[in-house]
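All remarks here apply to the structure that follows.
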Amino acid sequence: KAGVTQTPRYLIKTRGQQVTLSCSPISGHRSVSWYQQTPGQGLQFLFEYFSETQRNKGNFPGRFSGRQFSNSRSEMNVSTLELGDSALYLCASSLVLVGGNEQFFGPGTRLTVL
Amino acid sequence: QQQVKQSPQSLIVQKGGISIINCAYENTAFDYFPWYQQFPGKGPALLIAIRPDVSEKKEGRFTISFNKSAKQFSLHIMDSQPGDSATYFCAAQAGDKIIFGKGTRLHILP
């Protein structure tokens, strides 16, 4: 069974630009969560999608948004990039909603904002 | 109330020694406590998890100890090996919410 895939793996953008990251969950998984990982803050939850609906949202500004398609693939968008948005963005999938279920993480997209 | 405090930030252990990482939580609604292991360039992967109805869970060289009254849980790695060198995250889940600790970078000396 193929794992969670994320594209692109690396991305360099400049301040003010916007970016879209993509995540393909494990086949059959309906829940996709997004996390931001930085050395200082660790893993911070961005949002979770289940059956094309956002079910949970972390404490991030509205510049961070996402969506999920009918095939469970998900995209995350960050608009008006700031230097502080430089991070590893991880996507995780699970069979159903997160609670009490194992999440399977992708390798992440390393975003650098110059 | 939503924090999970993890310590230490970094840890160096001799090969064959015991590695211990601790986590503390405040919200008593948490009911699932997984540990994730992350190697450089990879996403975190579930290592072992425990629910609060047991005080200990062991899988091979990895053991979780859980103290419900103290709201603390810890990961013990017995006979630590250089291949265990990685970053470890504890987490606490309640319903559809999950909070991660900030991670511990573990280095096992050969």
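The values are calculated or read from the model by the stated rules, or taken from the named source; none is laboratory data. This structure is a prediction, so every number in the text was calculated from the model and none was measured. Methodologically, a virtual Cβ is constructed for each residue, glycine included, from the backbone with ideal geometry; neighbour enumeration extends over all protein chains shown.
Here's the yes/no breakdown for (1) at pLDDT below 95; (2) in a strand (DSSP E or B):
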residue: B:Val13; (1), (2): no, yes
residue: B:Gly17; (1), (2): no, no
residue: B:Ile20; (1), (2): no, yes
residue: B:Ala24; (1), (2): no, yes
residue: B:Pro40; (1), (2): yes, no
residue: B:Asp53; (1), (2): yes, no
residue: B:Ile64; (1), (2): no, yes
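Counting only residues that are within 14 Å of chain B (Cβ to nearest Cβ) and surrounded by 15 or more Cβ atoms within 10 Å (Cβ to Cβ), how many does region A:59-100 have?
Qualifying residue count for the region: 12.
In region A:3-20, what residues are part of a loop (DSSP other than H, G, I, E, B) and within 14 Å of chain B (Cβ to nearest Cβ)?
A:Gly3, A:Val4, A:Arg9
Quick one: in region B:68-89, which of the residues that are farther than 14 Å from A:Gln103 by Cβ and among the hydrophobic types (A, V, I, L, M, F, W, C) is surrounded by the fewest Cβ atoms within 10 Å (Cβ to Cβ)?
So, considering only residues that are farther than 14 Å from A:Gln103 by Cβ and among the hydrophobic types (A, V, I, L, M, F, W, C), the one surrounded by the fewest Cβ atoms within 10 Å (Cβ to Cβ) is B:Ala70.
If I ask for residues that are outside any strand (DSSP E or B) and of a type in the set (S, T, N, Q), which ones from region A:49-68 would you list?
A:Ser51, A:Asn59
Out of curiosity, is B:Pro34 modelled with pLDDT under 95, not aromatic (Phe, Trp, Tyr) and not in a loop (DSSP other than H, G, I, E, B)?
So B:Pro34 fits the description; yes.
Collect the residues in region A:101-113 that are away from chain B (no Cβ under 13 Å) and crowded, with 19+ Cβ neighbours inside 10 Å, keeping them in residue-number order.
A:Leu111, A:Val113
Among B:Thr87, B:Thr63, which is the only one that is of a type in the set (S, T, N, Q), under 29 Å from A:Glu48 (Cβ atoms) and within 14 Å of the chain's Cα centre (by Cα)?
Among B:Thr87, B:Thr63, only B:Thr87 is of a type in the set (S, T, N, Q), under 29 Å from A:Glu48 (Cβ atoms) and within 14 Å of the chain's Cα centre (by Cα).
Consider region B:79-107. How many of its residues are part of a strand (DSSP E or B), of a type in the set (S, T, N, Q), in contact with a Gly (Cβ under 8 Å, 6 or more places away or on another chain) and more than 7 Å from chain A (Cβ to nearest Cβ)?
Number satisfying all stated conditions: 1.
Of all residues in region A:21-48 being over 10 Å from the mean Cα position of the chain (by Cα) and part of a strand (DSSP E or B), which is farthest from the other protein chains (Cβ to nearest Cβ)?
Out of the qualifying residues, it is A:Ser24.
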